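Quick notes on the structure that follows.
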């Protein structure tokens, strides 16, 4: 029998750091996350709720939020927080997954958004619609589920989860017929913006509006951009709100 507490811990998505590191009172510093390799993939950051579908080799599945499991196939667990289960159950029921591989679980990470989900829901819908987008896939060996939970948490928090690279992610999205978070550009590492001010302007250029609006009454403002390496070894987020707040505070200090 699957240890649900171990499964929950091993399949949580890691926290994503900000591209410019946070300093005092939530303001950004001029220190940036360093990216290796040749190119960085830019995707739209959608303001919703982090959700996951965990698919087992035998067809069993679980649906979870960022922090907890909400449902298991056969209604063994049920908690429709934020409408995640209602939205993602039809997807879970039709997933085909990583066929032929019997020693690991496949975790689909999705952003569920719209309706009253997230502080910027009105940017995606004016009619209370709900949508979802796939943004990552991870593979969790069953041996991890046998560990003590402290060991699992350390494994997860120190970057030992195995994620699908961009090409595998794209193929899986096509096979499962799930839309990805919008791909905005592939950007050379050496051309990434360096300063807070430059990055604020860069965001306006590459994410001037959301590409995942659910109806014509949506506000249409994007939350920001997620930056990823092809192999997912480095990931960071850049949000409009963080840069606007930082620049407002800096301008206020200058004016004094």
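Just checking, does region 77-94 include any residue being buried (at least 20 other Cβ atoms within 10 Å of the Cβ), closer than 16 Å to residue 173 by Cα and touching a residue at least 40 places away in the same chain (Cβ under 8 Å)? Within region 77-94 (the criterion being buried (at least 20 other Cβ atoms within 10 Å of the Cβ), closer than 16 Å to residue 173 by Cα and touching a residue at least 40 places away in the same chain (Cβ under 8 Å)), the answer is yes, since at least one residue qualifies. Residue under question is residue 14, and the condition is that it be under 30 Å from residue 195 (Cα atoms) and surrounded by fewer than 16 Cβ atoms within 10 Å (Cβ to Cβ); does it hold? So residue 14 passes the test.
Across region 160-185, the qualifying residues are those that are buried (at least 16 other Cβ atoms within 10 Å of the Cβ) and touching a helix residue (DSSP H, G or I) at 6+ places or on another chain (Cβ under 7 Å), and the one among them that is nearest to residue 210 (Cα to Cα) is 184. Could we say that residue 218 is touching a strand residue (DSSP E or B) at 6+ places or on another chain (Cβ under 6 Å), closer than 16 Å to residue 111 by Cβ and surrounded by 12 or more Cβ atoms within 10 Å (Cβ to Cβ) here? Taking the combined requirement at face value, the residue does not satisfy it. Against the conditions (1) farther than 30 Å from residue 220 by Cβ; (2) modelled with pLDDT under 90, residue 34 satisfies every one except (2). Looking only at region 202-255, residues that are on the phi > 0 side of the Ramachandran plot and at pLDDT 95 or above come to 2 in all. For region 181-199, a tally of residues being under 16 Å from residue 40 (Cβ atoms) and touching a residue at least 40 places away in the same chain (Cβ under 8 Å) returns 12.
Residues checked against (1) touching a strand residue (DSSP E or B) at 6+ places or on another chain (Cβ under 7 Å); (2) surrounded by fewer than 16 Cβ atoms within 10 Å (Cβ to Cβ); (3) closer than 21 Å to residue 80 by Cα:
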residue	(1), (2), (3)
109	yes, no, yes
119	no, yes, yes
137	yes, no, no
143	no, yes, no
150	no, yes, no
158	no, yes, no
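Restricting 199, 181, 195 to those that are at pLDDT 95 or above and within 30 Å of residue 6 (Cα to Cα) reduces the list to 181.
Counting the residues of region 1-21 that are modelled with pLDDT under 95 and assigned to a strand (DSSP E or B) gives 0.
The rows are residues; the columns are (1) closer than 30 Å to residue 189 by Cβ; (2) surrounded by 17 or more Cβ atoms within 10 Å (Cβ to Cβ); (3) without any contact (Cβ under 8 Å) to a residue 40 or more places away in the chain.
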residue: 26; (1), (2), (3): yes, no, no
residue: 42; (1), (2), (3): yes, yes, no
residue: 61; (1), (2), (3): no, yes, yes
residue: 71; (1), (2), (3): no, yes, yes
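Residue 29: in contact with a strand residue (DSSP E or B) (Cβ under 9 Å, 6 or more places away or on another chain), modelled with pLDDT of 95 or more and either assigned to a loop (DSSP other than H, G, I, E, B) or under 25 Å from residue 245 (Cα atoms) (or both), yes or no? Yes: the conditions hold for residue 29.
The values are calculated or read from the model by the stated rules, or taken from the named source; none is laboratory data. Source: prediction; values computed, not measured. Virtual Cβ from ideal backbone geometry, glycine too; neighbours counted across all protein chains shown.
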